[in-house]
1. If contacts are Cα pairs under 8 angstrom and at least 6 residues apart, what is the relative contact order of segment 3-75 in percent?
2. Would you list which aspartates and glutamates come within 12 Å of Lys42, measuring only between C-alpha atoms, while excluding same-chain residues fewer than 8 positions from it?
3. So what's the net charge close to Ile28: Lys and Arg +1, Asp and Glu -1, counting the other residues with Cβ under 12 Å from its Cβ?
4. Once label points are set 7 Å from the Cα along Cα→Cβ at both Asp91 and Ile11, what is their separation, rounded to one decimal in nm?
5. Please go through segment 8-79 and write out the GluC sites (Glu not before Pro) that DSSP classes as loop and that have at most 10 other C-beta atoms within 10 Å.
6. List the residues, sorted by chain then number, that are 5 or more residues from Glu68 or on another chain and whose placed amide H is less than 5 Å from its amide H.
7. Run through segment 2-55 and list the trypsin sites (Lys or Arg not before Pro) located in a DSSP loop whose Cβ has at most 15 other Cβ atoms within 10 Å.
8. At 0.36 nm per residue, minus the direct Cα-Cα distance, what do Ser4 and Arg27 gain on full extension? Give it in nm, one decimal, please.
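Computed from the coordinates by the stated procedures, all read-outs in this text should not be read as laboratory data. In this text, all values refer to a predicted model and were calculated from it rather than measured experimentally. Here the Cβ is made from the backbone with ideal geometry for all residues, glycine too, and neighbour counts use every protein chain on show.
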Amino acid sequence: MNYSLMSENEILLEIGSQIEKLRLENRIKESDIERLSGVSRKTYYNFKNGKSGLSLRNFIRILKAINELDRLQRLFPETDSYSPAHPQKSDLPRRVRDNEASKRDFLWGDEE
């Protein structure tokens, strides 16, 4: 599936239908989703039918409820672990700045 060619609503619908498929494969009732995740049936219904999105917190709760939380590991594979005792140098910048903003002339605000 090429998500880059899909609209946000189509992506939400696809994710919702995939979660519903996983729920059915794991033989978990919607009432159990509600009980285990704390996400209301209406919210889950709207999500699985692509009518609305979920907060990331509720998405994680639903993944836990259907025993599929490990799928997040595929999305975010573990990289070098961090240890304060042994900090490692990273090739990644600490921040990314907008260079265009620094090239503009500074205005004090009292110009006419």
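1. 36 percent.
2. Of all the aspartates and glutamates, those that pass the test against Lys42 - Cα under 12 Å, at least 8 places apart if same chain - are Glu30, Glu34.
3. Once all neighbours under 12 Å are counted, the net charge is 0.
4. So the two model labels end up 2.6 nm from each other.
5. Glu78
6. none
7. Arg27, Lys29, Lys51
8. Roughly 5.1 nm would be gained on extension.
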